[in-house]
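The values are calculated or read from the model by the stated rules, or taken from the named source; none is laboratory data. Since we're looking at a predicted model, the values are computed, not measured. Heads up, the Cβs are rebuilt from the backbone with ideal geometry, glycines too, and the neighbour counts pull from every protein chain shown.
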Amino acid sequence: MANLWSGRFEKEMDDIVKEFNASIGFDSRMYDEDIDGSIAHVTMLGEQGIIDPEEVKKIIAGLEKIREKIKRGEIVFSADDEDIHMGIEARLTAEIGDAGKKLHTARSRNDQCQVDGRMYLKKEIDEIIDRLCYLEEVILDKAEHYAEDLAIGFTHVQHAQPVTIGFIFMAYFQMFRRDIERLKDTRYRMDLCPLGSCALAGTTFPIDRQKTAEILGFRGPTENAMDSVSDRDYSIEFISDSAISMMHISRWAEEFVWWNSQEFGFIDIDDSYCTGSSIMPQKKNPDMAELLRGKVGRVYGDLMQLLTVMKGTPLAYNKDFQEDKESLFDAVDTWKTSITIFANMLKNTRFRTERIEEQFSEGFLNATDVAEHFAKQGIPFREAHEIVGKMVKKCESRGCGLEDLTDEELKDVDARINRKLLGDISMKACVEARGSFGGTAPTEVRRQIRVGRDFLKAMKDDKER
Ligand code: ARG
């Protein structure tokens with residue numbers, strides 16, 4: 001097939017060059033967007049009197065026909081097509097004849113691939129936000145279910161303070177909420193239409209870029225043609241968003257792997273989210289959690305790839321930019337699947353509250369509470385901290401908990417303290433007393449859940465509007 005620039009060329013491309021040059025192998029996933037963009041463009045060209053209305057009709061009908069054929073798998077693209085834009089344009093001309101040759105008036109593939117990319121990504125962002133909202137809903141339901149159940153709060157993977165399981169869930173809720181909000185910001189910034197920027201400098205035709213932007217559902221047109229064809233910030237931003245969110249998934253997945261170990265024994269992941277071993281009959285491995293933890297590596301790679309592609313590229317379009325797609329698609333696919341797998345694994349995980357409670361006796365989880373009780377009785381906190389440190393030392397040599405020390409032993413540590421001053425330092429009491437805003441007390445966790453539900457409701461209302 002002679003290519004679209006055959007006028008200037010005497011020789012065909014070498015076969016290996018053709019393959020190397022082509023993006024059709026991956027950009028064909030944007031065929032719907034490409035056709036929508038073309039229909040908007042040609043509609044505008046008709047309204048502006050640049051193309052005859054009859055030809056506009058023919059072109060639109062031809063494009064719709066091609067859309068159907070692609071959907072039915074009747075069109076097989078090859079490296080001869082080079083990319084989805086040329087692939088569809090060539091099919092159009094074959095389908096409707098000369099009118100098809102007018103479609104590419106006042107546009108270039110440089111702006112065309114960008115309008116496709118932005119439309120594609122906006123659609124995927126909406127889908128990803130939906131999935132993140134589903135994950136958040138699962139988290140809220142679990143947080144509610146486990147709002148009162150005690151858990152161990154760690155710092156440095158050392159027992160730190162008692163918390164509730166619901167509280168831990170709500171910590172992750174905040175991370176994914178920020179991910180959603182980040183995506184919304186990214187979507188807003190990219191919601192400008194580059195179509196009509198043409199190769200780099202605009203056009204001499206009297207086009208109406210506001211019109212095409214409006215037809216395609218953008219907030220408006222991009223401001224500067226040269227920037228429009230050279231900008232890949234929106235993809236980089238999106239992949240950054242996915243890298244951050246995958247990092248969140250990976251952190252919790254890591255906790256799942258640990259919590260599922262014999263050493264912790266905190267959780268029981270449903271069989272349907274685990275695998276066995278080909279040799280060790282007893283095994284039930286948390287493979288999904290491990291895979292999720294591993295998947296983040298791909299997305300970090302995608303981000304570095306595109307940042308590196310863009311680095312040092314001069315204005316305006318460079319072919320390097322064609323390398324923007326595979327990493328973007330990979331980040332989209334990886335993130336989307338990971339969210340759903342993760343949400344469902346979470347849904348199908350039971351917390352073994354009895355096993356968790358068995359481990360409360362280790363690590364003096366209530367030490368801070370004792371110090372706070374002393375401080376409330378007038379002992380300055382620094383001194384109280386020191387006193388409790390000494391109590392811990394005593395307990396360690398005796399092999400008991402803080403609540404087991406006798407009045408005698410306490411007096412031995414500091415004349416001012418006794419068992420009464422210790423107060424109620426059961427795990428339940430310690431947790432219930434941490435009612436400061438954002439704290440772990442069940443009343444607070446329930447407030448956080450309410451705020452979370454309001455957020456999801458606002459997201460839903462926003463979508464319906
Ligand atoms: N397939 C190309 C890409 O994705 C489309 C733009 C080609 N433009 C050009 N001047 N060669 O970047």
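Condition check ((1) more than 38 Å from the chain's Cα centre (by Cα); (2) away from the ligand (no atom under 16 Å from the Cβ)) across all residues:
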residue	(1), (2)
K18	no, no
M30	no, no
G46	yes, yes
E55	yes, yes
I66	no, yes
K69	no, yes
L92	no, yes
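Look at (1) in a helix (DSSP H, G or I); (2) within 16 Å of the ligand (Cβ to nearest atom) and you find that F77 fails only one, number (1).
In this structure, does D324 turn out to be more than 16 Å from the ligand (Cβ to nearest atom), at pLDDT 95 or above and not aliphatic (A, V, I, L, M)? Criteria not met by D324. Residues that are of a type in the set (D, E, K, R) and part of a helix (DSSP H, G or I) were ranked within region 82-105; the one that is surrounded by the most Cβ atoms within 10 Å (Cβ to Cβ) is E89. Selection of region 106-150 for residues being outside any helix (DSSP H, G or I) and away from the ligand (no atom under 14 Å from the Cβ) yields A106, Y146, A147, E148, D149, L150.
As a summary of the residue check, T337 satisfies the conditions (1) within 16 Å of the ligand (Cβ to nearest atom); (2) more than 30 Å from A201 (Cα to Cα) except for the one numbered (1). Residue selection: A343 fails the criterion of being within 23 Å of F154 (Cα to Cα) and either among the aliphatic types (A, V, I, L, M) or within 16 Å of the ligand (Cβ to nearest atom) (or both).
Looking at F205, F218, F167, just one residue is surrounded by fewer than 22 Cβ atoms within 10 Å (Cβ to Cβ) and among the aromatic types (F, W, Y), and that residue is F205.
Evaluating G46 against the criteria (1) part of a loop (DSSP other than H, G, I, E, B); (2) surrounded by 15 or more Cβ atoms within 10 Å (Cβ to Cβ); (3) touching a Pro at 6+ places or on another chain (Cβ under 9 Å) leaves one unmet condition, (1).
Hey, among S28, S38, S78, S6, which residue is polar (S, T, N, Q) and crowded, with 21+ Cβ neighbours inside 10 Å? Testing whether each residue is polar (S, T, N, Q) and crowded, with 21+ Cβ neighbours inside 10 Å leaves just S38.
Figure legend. Inter-residue proximity from region 266-293: first residues farther than 24 Å from G166 by Cα, second residues surrounded by fewer than 20 Cβ atoms within 10 Å (Cβ to Cβ) and among the hydroxyl-bearing types (S, T, Y), beta-carbon distance below 6 Å, spacing 6+ or different chains. Indicated pairs: K283/S277; N285/T275; D287/T275. When L103 is evaluated against the numbered criteria (1) touching a residue at least 24 places away in the same chain (Cβ under 8 Å); (2) farther than 19 Å from S197 by Cβ, which criterion, by number, is the only one it fails? Result: L103 fails condition (2) only. In summary, I207 fulfils each of the numbered conditions (1) in contact with a Gly (Cβ under 7 Å, 6 or more places away or on another chain); (2) at pLDDT below 95 with the single exception of condition (2). For D227, the conditions (1) over 23 Å from W335 (Cβ atoms); (2) of a type outside the set (K, R); (3) surrounded by 16 or more Cβ atoms within 10 Å (Cβ to Cβ) are fulfilled apart from (3). Against the list (1) closer than 30 Å to L132 by Cβ; (2) exposed (fewer than 14 other Cβ atoms within 10 Å of the Cβ); (3) of a type outside the set (D, E), the condition K393 fails is (1).
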